[in-house]
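To start, the structure itself, in structure tokens.
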Amino acid sequence: MNKMLFWKSDWFVGLAVVLAFLFSSNTSLMRGLENKAYDLGVSSSSRTPSDKIAVIAIDDQSINDIGRWPWPREVQAQLLDILAPARPKVIGNATFFSEPQLDPGLEYINRIGDFFDKSSLRNLRSEDAQTLRGMLQEASQHLDNDKIFGASLQKARIVELPMFFDLHGEPKGKLDQPLPDYIQRNALTRINRGKETEPLLASGHIMPIPELGENTAAIGHLSFVPDVDGGMRAEPLVVKYYDQYYPSLSLMLAARSLNLGPKDIQVNLGEGVKLGNLSIATDSTLSMRTYFYADRALAGREPKPAFQVDSFEDVLNHKISPEKYRGKIVLIGATATGVSTNKVTPISAGMPAVLALAHTVSSILQQDFFVVPSWAPLAEWGVFLLIALYLILGLPRLGAKMGVLITTVLFVSLLVAHFELMIGRGMWLQLMLPASMLLIGFLVLDAKRFLVAERGRLKSDAESAESNRMLGLAFQGQGQLDMAFDKLRKVPLDDGLMEVLYNLGLDFERKRQFNKAESVFKYMADHNPKFRDLEQRIEQSRQMSQTVVLGGGGARSNASTLVLDKPGVSKPMLGRYEIDRELGKGAMGVVYQGKDPKIGRIVAIKTMALSQEFEPDELDEVKARFFREAETAGRLNHPNIVTMYDAGEEHDLAFIAMEFLKGRDLAAYTKAGSLLPIPKVLDILARVADALNYAHSLNVVHRDIKPHNIMYDPDSNMVKVTDFGIARITDSSKTKTGMVLGTPSYMSPEQLAGKKIEGRSDLFSLGVSLYQLICGTLPFQGESLTQLMFRIANEPHGDILKIRPDVPRCVVRIINKALDKDVNQRYQSGSEMAEAMRKCAANLQGGQ
């Protein structure tokens, strides 16, 4: 008999844990855990960065003083003309100059010059004609920013610029057109093919314009492949584009600082890169694991930044002497909000690209990088096997105290080994898999032993049948159905208890716990399968348990809604509300039509399965925020805001009961062919602006204004804003599904940047909605979320007249003002925007 129960033994539990971790070793969860341990190792190190590196930042101060970005490239030329005489070692500009920058006046000057050259005036020998010709040439030279910047680059001869390679796919076919000479001259030629591996392959590129590229000292790529969590931990020092190998900008800057060039860089495929006397170890794709330097703590003072960072404006206006940069590696790049491209690194959740470049250059020059030794895989699997044997053969034989002691020693040893190797030797071994397996295995085995002992103790307890019956009925009356079933199963079955259990099964149905209702009915069927409609109940509960009724997501069949109308099925309840039918699905749950039985009021009930979307360690905080925000939203009383009646929580669902509305949301009117008349759109959104003005006066910001959250009934001309507070309720960075909170297409630049937002952010989102309702297209679009966010933060919205030329000018002015990236240039209140829309609508109806 004991041989048949081997699966209950401790060693089998250990084996099950080992197999579970073995099959999950390459999942995103484990890779994320290894990356988190890696980041802790990096941030725990305390090496000193190179003092040869200085950063000149295009910061908020510079943009406030010089003007909105992008600046005329003449400004970059001016800074370069100031720096070059001081003779820095090399200057790296981290800005992409991939498009020409044409001054609007230059086109007119060139046209006048062409007319002059083609007209009879060019043959005149008068002094005035010669003077005019000279003035045109001088104006052309002063307005051609690219030529001015190119001349400064050529004069300096120490500036290196970035290019970009797309590393998300392999090149297809043959190269249609060779790269220009100013790119190819940076290609690496000393390739040692000791191993049959290749660096990362590039499928596309973005390069500097010829006027600048031809005058630079060198060009290097500024590309990387993010880890599974989006972080930057390694930089490809070399990438392959068709049959040529190109270095990174950091490698070229380090080379120049050592008076070396592309011909002095030796590439050892699969091993690393040799730069003069420096040997840089990499992984098999020639990616170097960068060392990121933490800010240095100073006693009693603010921490000192790892790298010297000066403001672009201070250097340009000679507040800082250029002599400060003599012999330095000077890096120029953006750190300003909304301008810089931030990277997620082990020491920062938003490090500007120019600072990440500084860390990489210092890592190369200081030989501060992390390596994965060739023997690492063997060592990692050896440790895994050791822990596996301990869980299967060792821990089951140990007593409780000795098991705790040895497990603790092993776990601490793995952590110490991880950090000692990283901090002391710059080596990274992935030891979190065996460490996690050790901890989970110990906890599982300990829990199993506890449960066995507890079950034995319960069996030895002399609980009477009557006591269990009374306890079961008490728990059932208190709504603790699981505990009630546990107690009632200890009572001998008879007809009286069958009635009690039948009612318990119905209670489980009302709580939507159909799998538990099925368990109750099956337990009853073992005693009397013919009791009442038990067979029908079992089958019905089984079908219901395979659907997700009132759930927050997952696959659902049509039966999950239709079954509510079947005879004999108790209608599900949420709090005091009776659920009638499903109205639709939202981002985090389902919306139902329900009824308050006490007063007969029909309500709409929005459900949110917070436990499915948020990590357990954050769930309590999210729930507290849910009720806090629901209370705030519930105080809003405005004819154009949906009234919120109640909020509550039951089992796995949080819910909000609100006013039941007729009509549909405005998303139905955002497609070409179903657009509303422009005066009607202005009338609707003016009332939305009134609602926002009222909410903002009470310091309530919606955060997710979009057509989907605006209800409209054409029959009654009713307009209502929904979901006040929902975006704030779910404002967390630890959702299990990684969902984007809010809708990125409608977000304001400051909301995307993670800044504290206020009412003017809602007015930006309302401007996006106005644009979409007028022309059927969003003002900002991108092929990826990253590209979309960049365009919202940095690029002007699309010209609506190119999509719909008949849009009145007053509507265009409203859209342009609402979508201004500077919050101070937008409408400052909802009432101001509403007044503008009503005035425009009145003009349109008056024929203007």
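The values are calculated or read from the model by the stated rules, or taken from the named source; none is laboratory data. Just so it is clear, the structure is predicted and the values come from calculations on it, not from any experiment. Cβ coordinates were reconstructed from backbone atoms using ideal geometry, including for glycine residues, and neighbour counts include every protein chain displayed. Each accessible area value is taken on the protein alone, full model and side chains, heavy atoms only, with ligands, DNA and RNA left out. Shrake-Rupley method; radii C 1.70, N 1.55, O 1.52, S 1.80 Å.
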Q: Grab the beta carbon distance between residue 324 and residue 812, set R0 = 60 Å, and tell me the FRET efficiency rounded to 0.05.
A: 0.80
**Q.** Simple spin-label estimate for residue 385 and residue 825 in nanometres, 7 Å along Cα-Cβ
**A.** 6.6
Q. Once you have the alpha carbon radius of gyration of the range 154-207, what is it after dividing by 2.2 N^0.38 Å, with N set to its residue count?
A. 1.40
Q: Could you count how many Lys pairs in the range 252-357 have their Cα atoms under 27 Å apart, skipping same-chain pairs fewer than 8 positions apart?
A: 10
Q | Using distinct alpha-carbon pairs, which all enter the 1/r mean, Kirkwood radius of the range 382-439 in Å | A | 12.0
(Q) Quick check: at a probe of 1.4 Å, how many percent of the accessible area of the chain sits on carbon and sulfur atoms? (A) 53
**Q.** Efficiency of FRET from Cβ geometry, residue 27 and residue 522, R₀ 41 Å, rounded to 0.05
**A.** 0.70
Q.
Highest mean first, how do 379-386, 481-488, 363-370, 636-643 rank when packing is the count of other Cβ atoms within 10 Å averaged over residues?
A. 363-370, 481-488, 636-643, 379-386
Q) For the pair residue 302 and residue 164, what calculated FRET efficiency results from E = 1/(1 + (r/R0)^6), where r is the Cβ-Cβ distance and R0 = 22 Å, to the nearest 0.05? A) 0.05
Q) Given (i) 119, 77, 55; (ii) 134, 71, 54; (iii) 122, 82, 61, which label gives Cα extents along the principal axes in Å as computed from the coordinates? A) (iii)
Q | Approximate spin-label separation residue 367-residue 635, in nm, with each point projected 7 Å along Cα-to-Cβ | A | 6.4
Q) Along its principal axes, what span do the Cα atoms of the range 163-300 show, with the longest given first and each in whole Å? A) 60, 34, 30
Q) Rolling a 1.4 angstrom probe over the protein heavy atoms, how many square angstrom per residue are accessible across the chain? A) 49
(Q) Which cysteines in the chain lack any other cysteine whose Cβ sits under 4.7 Å from their own Cβ? (A) 775
Q: May I ask you to list the lysines whose Cα is less than 30 Å away from that of residue 401, ignoring any residue fewer than eight positions away on the same chain?
A: 3, 8, 448, 459
Q) Between residue 413 and residue 227, what length in nm is gained on full extension when 0.36 nm per residue of separation is reduced by their alpha carbon distance? A) 64.2 nm
Q.
In the range 809-828, whose amide N lies under 19 Å from the spot 7 Å out along Cα-to-Cβ of residue 756? List them in ranges.
A. 823-824
Q) Mind checking the alpha-carbon convex hull of the range 282-391 and giving the volume per residue in Å³? A) 196
Q. Given q = 0.09, 0.11, 0.14, 0.18 Å⁻¹, what are the Debye log10 I(q)/I(0) values for the range 387-529, with equal point scatterers placed on the Cα positions and solvent ignored?
A. -0.53, -0.66, -0.78, -0.96
Q. Counting other Cβ atoms within 10 Å, which trypsin sites (Lys or Arg not before Pro) in the range 316-384 have at most 11 and lie in a DSSP loop?
A. 319
Q | Size of charge dipole - the chain - debye, nearest 20, with Cβ of Lys, Arg +1 and Asp, Glu -1, no other charges | A | 840
Q) Taking Cα centroids, how far is the range 628-691 from the range 45-88 in Å? A) 48
**Q.** Dipole of the chain, positive end: most advanced residue of 386, 797, 674 [Cβ charges, Cα centre]
**A.** 386
**Q.** Share of pairwise Cα separations in the range 1-99, more than 16 Å, in percent
**A.** 78
**Q.** DSSP-loop trypsin sites (Lys or Arg not before Pro) across the range 252-318, with at most 12 other Cβ within 10 angstrom
**A.** none
